[in-house]
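Enquirer: I'd like to ask some things about the structure below.
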Amino acid sequence: MPGEELTELPPGLDLLWGRRGQGKRGPRPGLSADAIVDAAIRLADAEGLEGVSMARVAAELGFTTMSLYRHVASKEELLQLMWNASALSSDNVTFEGGSWRPRLRMWAEVQREVVDRHPWITQMPMAAPPVSPKSMQFVELGLATLDGTGLPDTAKLGIIGLLSSYTLSEARMAHDAIRAAKEQAARDQSVAGGGESAPRWTFDALLRELVDEKTYPRLYRIAWTSPGGAEGDGAAAEYQQFMFGIDCILDGVQALIDRMQAQSSS
């Protein structure tokens, strides 16, 4: 309400939402929170979240570590700022389609694209849902795709949360596999000429190695009938499987809409 004193937000969120007062020490000229966040994201994109520290970011910018603390209070606060900066602004994206389903499907695809562009997002702490301004804007866009479905707002928010959790989980597994493959390739290179390198196991290959037909008849059938080539391997297959999961979730949303409409008309 106008005239009411604003509630103090946790560190990091107060800066993101413009509620932090000016500190006693003035900011270092030529340095800004935006520049710090941009440098941290560059490091994270190149090396993962483990490559980000206040000291590394300071060195990247040519300042002392203490200079950064005049703009960003801690690494935890820096992570919040990075999360917000990585999210798409609501001004940059629209979701088109004749019904809620293609719009919400596109919303999920865009979220996955953002995570693929910044894989370090999957390494972020997930103790609570992100409540930075851009994250909230993106959630608002997701909720808007469900306008006209007749679903209650709590159900809409639950659907958005389910899609987000699924997207982050699938992206994390995909990028962990990529990181593991790179580490294995580096080990292979280090022992080149000095012996045999360890085999590179795929899930299908492990099934074929470990699963016998009598004990695991269903897994055996999957192992020996899964498609090969471009459709069965690599990033394209992983993304295809990811979208299969999204469509299964959307099938469930449609069933929920149908059930609620039937209840309201009976």
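Enquirer: Compute the distance in nm between two label points, each set 7 Å from the Cα along the Cα-to-Cβ direction, one at Asp251 and one at Ile222.
Expert: With each label placed 7 Å out from Cα toward Cβ, I get 1.5 nm.
Enquirer: Sticking with this one: Take the Cα radius of gyration of segment 13-86 and divide it by 2.2 N^0.38 Å, with N its residue count; two decimals is plenty.
Expert: For segment 13-86, the normalised Cα radius of gyration comes out at 1.03.
Enquirer: A follow-up question, please. Please give the net charge around Phe244, taking every other residue with its beta carbon less than 11 angstrom from that of Phe244, where Lys and Arg add +1 and Asp and Glu add -1.
Expert: Neighbourhood net charge equals -4.
Enquirer: Between Arg179 and Asp212, what is the spin-label point distance in nm, taking each point 7 Å from the Cα along the Cα→C-beta axis?
Expert: A separation of 3.7 nm, rounded to one decimal place.
None of the figures in this text is laboratory data; all of them are computed from the coordinates on show. In this text the structure is predicted, and so the values were computed from the model without any measurement. Neighbour counts are summed over all protein chains in view; Cβ atoms, including those assigned to glycine, are modelled from backbone coordinates with ideal geometry.
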